[in-house]
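K.L.:
Structure incoming, see below.
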Amino acid sequence: MDRQIMIFDTTLRDGEQCPGASMNLEEKYQVAQQLARLRVDVIEAGFPYSSPGDFEAVQWIAKNIEGPIIAGLCRARPEDIKRTGEALQGGRRTRIHTVIATSDVHLKYKLRRTREEVLQQAVAAVKLAKTFVEDVEFSAEDASRTDIDYLCQVSEAVIKAGATTVNLPDTVGYATPTEYGAMIWTIRERVPGADGIALSVHCHNDLGLAVANSLEAVRNGAQQIECTINGIGERAGNAALEEVVMAIRTRHDYFGCTTGIDTREIYRASRLVRDITGFAVQPNKAVVGRNAFAHASGIHQDGVLKEKQTYEIMRPEDVGWTEKSVVLSSRSGRHGVRHCLAEMGYHLGPEELGKVYERFLELADKKKDVSEADLEALVADETSSVTEEYQLDYMSVTSGLKQIPAAVIRILRGGEAITGAATGVGPVDAVYKTIDEVTRLPHELVDFSVRSVTGGTEALGECMVKVGANGEIFTGRASSTDIVEASAKAYVQALNKAAYHAAARQKNRARTEDEGRRTEVGV
C-alpha cells in the first residue's frame, strides 16, 4: 500500500502573515470551508495568542469545521500554550503546534539563550501542550541552519516529552534539496522514536526551492508537508500546496506515495484565496495559472489536438479546470444560473443567489453571452463577507480629451446619504478623491490594478486595490463592464474592511478594559 503524505495547510496562519493578506473571521471561515472540501489533513487556523481576532478565528474554525485537524500555533511559552489550548477547547480534532528556534544564529541574537536552556524550554512546552490535547506538534525553527547533532538531541527530547509530530522547517529558504533531504534522513535514522511520530517539513521560497525541498524531504522519509494555497506567505512565500500535491500525483512512479487531497477542488481554492487576499495569480503559475493549460505554439497545438499527452502531463479537469465553456444569456433563468454555479462548485444560499442573479441579468443585458469566468467574478463580488458601513449609491463621472475629469458620488452610511464631488488627473483619481472626501476614513492607497476577466471590448473588467490603515493592509475587489465603476466598488470594499477592523479593534479594546475593571473589583 502506498505511503500517504499528510498535507498541513497554513494559508490561514503563515499565508495570512504576508503583508496585505489579512482576513477577517468570515473570510477565514470561507477559506477553511474550502480547505475542508479540498480534504487537507490539517488546517493551521491561526496564532491565538497574537490577537483577539486570531483567537476568535481559531476557536470558531475548531468548533465549526469538520474533517481536518484544526491546529493553533504558539511559541514555546506557557502563556501562549494556555491561550491556544483555550482557543481549541471544544473542537472535534485539534492540535497544538508549538515552536522555538534552534539554530545558533537565532539562539545568540534573537533568544539570547544557551542550547541547554532552549532544550529545556522545548520539552516543557510539549509537556504543557499535552495537558490540553493529545496531538502536539513541535517545530524547531530554522532547523536547516541548526547543528545536526543538536537538532537530533532536541528532536529526541521532544519525542520523549510526547510530541506526535516533529517539524523541521527551512524557515528562511536557505537549504538546497540535497542538504534538506539529508537532514530529514539523518533525523529519521539517528533519533530514537522517530519512526513512531510524523516527520514534517515547512519550506520557504526565498531561493525558489520550497517545493523542491519539500518533495526531496518526502523521498527521504518525511510524512507531512506544510504548505499554502498559491504559495502565499512571508517574504517569497511557502511551498505551494497545488504544486506539491500535483507533483506527487503526477509522478507517482517516482515518489511512490499519495495524498488524500481532492485535487478537483484545487482551482477553486486558488481563486478563493486570490479573491480574498487580492494577490493575483501569475499567468504562468504552475497548475493554477491562466496559461497552465494554454497552448499558443502551433507545434504544441497540433500535438495536443492529436493526443493531449503530448504536451499535457496533467488533465485540466483533475485540478478543477473545466473544459466546457458555460455560456448563458439574458434568457437564462434563475434555475439555469444556479445549475451552472453548482457545476462550478458554488452552492449559494437564497440571498446570495439572488444577488448574483440580479448582477447576472444586468451583465446579460450588456453582453451577448455570459461565460463561466464572468459568473465566477460575479460570485466573488456578491458573496463578500464584509459588513458594508459605506454603500455606493450613485456615481456620475465625466472625462474626455482636454476636459478635467470630475466625479459626483453619493454614499449611504447608516441610512444617511452623503454626497461629494471632486476633480482629478483621471476619472479614477476623481472618483477616489470624492470617496475620500465623503468617507473621511484615515488611510492611504497602497496598490491599484485592473485586468480583463474575459476577452473583447465588452468584457468584465476586474479591479483590485489595497489600502493601508492603522498599520494593516486591506484588499478590495470588484468587477463591472465599466472599469471606473469596478474601481469605485473595489475602493469602497477595501474601506469597508478597514472600517470593520477598526470597529473590531475598538470593541476588543473596550472588552479588555472592562475585563480589567472587573478583575480589579474581584468579579
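The values are calculated or read from the model by the stated rules, or taken from the named source; none is laboratory data. As the structure is a prediction and not an experimental result, all values here were calculated from the model. Every residue, glycine as well, gets a Cβ built from its backbone with ideal geometry; the counts of neighbours run over all protein chains shown.
K.L.:
When you check A294 against the structure, is it free of Cβ contacts under 8 Å to residues at least 60 places away in the same chain and in contact with a strand residue (DSSP E or B) (Cβ under 8 Å, 6 or more places away or on another chain), yes or no?
P.N.:
Here the answer is no, as A294 does not meet what is asked.
K.L.:
Restricting to the stretch 339-361, name every residue that is out of contact with any helix residue (DSSP H, G or I) (no Cβ under 9 Å at 6 or more places or on another chain), in a helix (DSSP H, G or I) and of a type in the set (G, A, S).
P.N.:
Once the filter is applied, which keeps residues that are out of contact with any helix residue (DSSP H, G or I) (no Cβ under 9 Å at 6 or more places or on another chain), in a helix (DSSP H, G or I) and of a type in the set (G, A, S), the stretch 339-361 yields only A342.
K.L.:
To continue, here is another question. Could you list, in sequence order, all residues of the stretch 366-398 that are surrounded by fewer than 14 Cβ atoms within 10 Å (Cβ to Cβ) and modelled with pLDDT of 80 or more?
P.N.:
Once the filter is applied, which keeps residues that are surrounded by fewer than 14 Cβ atoms within 10 Å (Cβ to Cβ) and modelled with pLDDT of 80 or more, the stretch 366-398 yields Q391, D393, Y394, S396, T398.
K.L.:
Is there a residue in the stretch 378-394 that is touching a strand residue (DSSP E or B) at 6+ places or on another chain (Cβ under 6 Å), aromatic (F, W, Y) and free of Cβ contacts under 8 Å to residues at least 60 places away in the same chain?
P.N.:
Within the stretch 378-394, one or more residues are touching a strand residue (DSSP E or B) at 6+ places or on another chain (Cβ under 6 Å), aromatic (F, W, Y) and free of Cβ contacts under 8 Å to residues at least 60 places away in the same chain.
K.L.:
Another question, if that's okay. For the condition farther than 17 Å from D2 by Cα and part of a helix (DSSP H, G or I), what is the one hit in V201, V211?
P.N.:
One residue alone meets the criteria, V211.
K.L.:
Among the residues of the stretch 1-47, how many are among the hydroxyl-bearing types (S, T, Y) and in contact with a Leu (Cβ under 6 Å, 6 or more places away or on another chain)?
P.N.:
Looking only at that region, the number is 0.
K.L.:
So is G237 in contact with a strand residue (DSSP E or B) (Cβ under 9 Å, 6 or more places away or on another chain), of a type outside the set (S, T, N, Q) and on the phi > 0 side of the Ramachandran plot or not?
P.N.:
In short, yes.
K.L.:
For the stretch 166-190, what are the residues that are touching a residue at least 60 places away in the same chain (Cβ under 8 Å) and outside any loop (DSSP other than H, G, I, E, B)?
P.N.:
N167
K.L.:
Testing E141 on (1) closer than 21 Å to T176 by Cβ; (2) crowded, with 24+ Cβ neighbours inside 10 Å, one condition comes back false. Which one is that?
P.N.:
With (1) closer than 21 Å to T176 by Cβ; (2) crowded, with 24+ Cβ neighbours inside 10 Å applied to E141, the lone miss is (2).
K.L.:
Please verify whether T146 is touching a residue at least 40 places away in the same chain (Cβ under 8 Å), touching a helix residue (DSSP H, G or I) at 6+ places or on another chain (Cβ under 8 Å), buried (at least 17 other Cβ atoms within 10 Å of the Cβ) and at negative phi, treating the condition exactly as stated.
P.N.:
Numbers: touching a residue at least 40 places away in the same chain (Cβ under 8 Å): yes; touching a helix residue (DSSP H, G or I) at 6+ places or on another chain (Cβ under 8 Å): yes; buried (at least 17 other Cβ atoms within 10 Å of the Cβ): yes; at negative phi: yes.
Considered against the rule, which asks whether it is touching a residue at least 40 places away in the same chain (Cβ under 8 Å), touching a helix residue (DSSP H, G or I) at 6+ places or on another chain (Cβ under 8 Å), buried (at least 17 other Cβ atoms within 10 Å of the Cβ) and at negative phi, T146 comes out as yes.
This table checks each residue for (1) touching a residue at least 12 places away in the same chain (Cβ under 8 Å); (2) touching a strand residue (DSSP E or B) at 6+ places or on another chain (Cβ under 6 Å).
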residue	(1), (2)
K63	yes, no
P78	yes, no
I81	yes, yes
T84	yes, yes
A87	yes, yes
R95	yes, yes
A101	yes, yes
K108	no, no
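K.L.:
Restricting to the stretch 226-246, and then to whatever is touching a Leu at 6+ places or on another chain (Cβ under 8 Å) and in a strand (DSSP E or B), can you tell me which residue is surrounded by the most Cβ atoms within 10 Å (Cβ to Cβ)?
P.N.:
C227
K.L.:
Is it the case, given these coordinates, that T164 is crowded, with 20+ Cβ neighbours inside 10 Å, in contact with a strand residue (DSSP E or B) (Cβ under 8 Å, 6 or more places away or on another chain) and not hydrophobic (A, V, I, L, M, F, W, C)?
P.N.:
No, not satisfied.
K.L.:
Out of the stretch 458-491, which residues are surrounded by fewer than 24 Cβ atoms within 10 Å (Cβ to Cβ), part of a helix (DSSP H, G or I) and within 23 Å of the chain's Cα centre (by Cα)?
P.N.:
K489
K.L.:
Which one of these is out of contact with any His (no Cβ under 9 Å at 6 or more places or on another chain) and either of a type in the set (K, R) or buried (at least 19 other Cβ atoms within 10 Å of the Cβ) (or both): A430, A406?
P.N.:
A430
K.L.:
Out of T250, T176, T263, T258, I need the residue that is of a type in the set (S, T, N, Q) and either buried (at least 22 other Cβ atoms within 10 Å of the Cβ) or closer than 22 Å to D149 by Cβ (or both). Which one? So that I can check it myself, show each step before the final result.
P.N.:
Working: T250 fails: either buried (at least 22 other Cβ atoms within 10 Å of the Cβ) or closer than 22 Å to D149 by Cβ (or both); T263 fails: either buried (at least 22 other Cβ atoms within 10 Å of the Cβ) or closer than 22 Å to D149 by Cβ (or both); T258 fails: either buried (at least 22 other Cβ atoms within 10 Å of the Cβ) or closer than 22 Å to D149 by Cβ (or both).
Among T250, T176, T263, T258, only T176 is of a type in the set (S, T, N, Q) and either buried (at least 22 other Cβ atoms within 10 Å of the Cβ) or closer than 22 Å to D149 by Cβ (or both).
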